[in-house]
Each structure stands twice: as structure tokens, then as C-alpha cells.
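A.B. asks: Just dropping this structure here.
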Amino acid sequence: MRLQDPGEGESPRGETCEGTLKLPLSENIYRALKVEAGEELRSRVELSYRRGMIEIRIKAQNLTSLQAALNAWLRMCKTLKKVEEVVECRERN
């Protein structure tokens with residue numbers, strides 16, 4: 001995870017904080033997450049997928065909003081990973 005210091009690269013909308021998560025997740029999880037990306041009230045999320053890695057870039061108005069968005073996206077990733085594992089297990093049996 002990479003965090004950008006407040007004030008660096010400030011956007012016209014006043015966003016001052018940025019965090020990036022790089023997670024080794026499947027393309028199926030990427031497709032499920034992609035519909036959730038975009039602009040929210042206090043943050044903006046961009047997703048990309050390359051070679052088995054999902055990159056989640058979050059830009060937020062302040063550190064509190066960034067923390068809330070990071071926590072929400074991590075929870076979504078964790079939940080989708082568990083669902084994927086259950087589906088794969090059932091397909092094998």
C-alpha cells in the first residue's frame with residue numbers, strides 16, 4: 001500500500017489524500033469490484049487489473065475519508081475472495 005502525503009498533487013476538487021492497494025486477486029474479483037468504482041461523496045476510486053494483480057487507487061478529501069474508503073474496499077476484496085474460494089471448492093466436489 002502506498003499513501004500520498006496531504007497536499008501533494010492536489011486536485012481541482014480539493015482532494016488531498018491518495019492511497020493505492022495492490023492485491024493478488026483474480027480477474028473475476030476485478031470484474032465484480034469494477035462496478036463499484038467511481039466517484040463517491042468523499043472519495044474517488046480507480047481500478048486496474050494486470051497480470052493477476054488488482055490495483056485500487058483511492059483519492060479522498062482527507063485522511064478520515066481515505067481510511068474509511070480503504071477499509072471498505074479491503075472488506076469487499078476479502079469477502080469476494082472468500083466467495084470465490086467457496087465456489088471453487090464446490091466445483092471441485
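The values are calculated or read from the model by the stated rules, or taken from the named source; none is laboratory data. Everything numeric in this text was worked out from a predicted model, so none of it was measured. All Cβ positions, even for glycine, are placed from backbone atoms using ideal geometry, and neighbour counts span all protein chains on display. These area figures cover heavy atoms from the full protein model, side chains too; ligands, DNA and RNA do not enter into them. Shrake-Rupley method; radii C 1.70, N 1.55, O 1.52, S 1.80 Å.
A.B. asks: Any idea which of (1) among the polar types (S, T, N, Q); (2) at pLDDT below 95; (3) surrounded by fewer than 17 Cβ atoms within 10 Å (Cβ to Cβ) is the one residue 48 doesn't satisfy?
C.D. replies: With (1) among the polar types (S, T, N, Q); (2) at pLDDT below 95; (3) surrounded by fewer than 17 Cβ atoms within 10 Å (Cβ to Cβ) applied to residue 48, the lone miss is (2).
A.B. asks: Is it true that residue 75 is open to solvent by 70 Å² or more (accessible area, probe 1.4 Å) and either of a type in the set (Lys, Arg) or over 23 Å from residue 16 (Cα atoms) (or both)? Talk me through it step by step, then tell me what you get.
C.D. replies: Details: open to solvent by 70 Å² or more (accessible area, probe 1.4 Å): yes; either of a type in the set (Lys, Arg) or over 23 Å from residue 16 (Cα atoms) (or both): yes.
So residue 75 passes the test.
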